[in-house]
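Below: the structure, in structure tokens.
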Amino acid sequence: MSEQNKKLENIKKSSKVAMILARIAKICCIVGAVACIVSGIGMIAFHDTINEQLLRAEAEGKLDLNELTTEFYVGGKYEVSSDDLNRFGQTFGAYLLLDSIIIILFAVLLHFVSRVFKEIKESDSPFRKSILKDMIVVFVLITLLVLQSSVLTGVMVGFALWCVYSVFEYGCELQQMTDETL
């Protein structure tokens, strides 16, 4: 077996592992998204009961709601003031529903990642136009997800992924020229 064939076989083996891991992560994301959606709807639907239980627990000294709201704030995402505890169930339920959208985007991203690795595993070369099409979807989704947390980082990641895409695009052109000469 030539050195080139050994490298291609290593790429195929690595792609198979990456494809399996991406599929497992996608399933975890789907389960997590469903859990967030169900929990969010439940929190909103039963907000009166949840709010009453929280206020009762605070009145009995079992729960310090200032500490609870501080925990949400320290996480940097959830901010519920102790004055607004009448709407804690609705607010937290809405955050869960919004989080489920992000998790669904991760599941879609992982779906396309697993497709890229499946195509690499099954092809004679990682430089194919079909792989390139799926890569652009992956790169756009990654950029959008990073932009969601930080604009500057998202722009930098977008440019870096664009450069990687350009390299793969050039590799596809070289592969096509090689195939035509054979």
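In whole angstrom, how long is each semi-axis of the equivalent ellipsoid of the chain, when you take the square root of 5 times every eigenvalue of its Cα gyration tensor and sort them from largest down?
Numbers: eigenvalues 464, 56, 31 Å².
Equivalent ellipsoid semi-axes, largest first: 48, 17, 12 Å.
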Exposed trypsin sites (Lys or Arg not before Pro) absent: longest stretch of the chain, with sites in DSSP loops and at most 11 other Cβ within 10 Å deemed exposed
78-182
GNM flexibility winner over the chain from Gly40, Gly93, Gly171 (Cα, springs under 10 Å)
Gly171
How much length is gained on full extension from Thr181 to Glu9, taking 0.36 nm per residue of separation minus their Cα-Cα distance?
59.6 nm
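Considering only protein heavy atoms and a 1.4 Å probe, what is the carbon-and-sulfur percentage of the accessible area of the chain? Kindly include the intermediate steps, with their values, before the conclusion.
Numbers: 7560 of 11690 Å².
Reported share for carbon and sulfur atoms: 65 percent.
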Cα lying deepest toward the dipole's positive end in the chain, options Phe106, Ser14, Ser166, charges on Cβ
Ser14
What lysines sit close enough to Lys12 to cross-link, taking a C-alpha to C-alpha distance under 22 Å and skipping anything fewer than 8 places away on the same chain?
Lys26, Lys118, Lys121, Lys129, Lys133
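With the cut-off at 15 Å, report for the range 1-63 the share of all Cα pairs above it, as a whole percent. Kindly include the intermediate steps, with their values, before the conclusion.
Numbers: 1404 of 1953 pairs.
Tail of the P(r) past 15 Å holds 72 percent of the pairs.
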Please list Asp134, Asp64 from largest to smallest accessible area, probe radius 1.4 Å, with all protein chains kept in place.
Asp64, Asp134
Over the chain, average the accessible area per residue using a 1.4 Å probe and give it in Å², no decimals.
64 Å²
Within the chain, which whole H helices from DSSP have a Cα span along their axis of at least 24 Å and a mean Kyte-Doolittle hydropathy of -1.0 or more, if any?
3-45, 88-122, 129-149, 151-181
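The values are calculated or read from the model by the stated rules, or taken from the named source; none is laboratory data. As the structure is a prediction and not an experimental result, all values here were calculated from the model. Backbone-built Cβ (ideal geometry, glycine too); neighbour counts: all protein chains shown. In case anyone asks, the SASA skips ligands and DNA or RNA and just uses the protein heavy atoms, side chains included. Shrake-Rupley method; radii C 1.70, N 1.55, O 1.52, S 1.80 Å.
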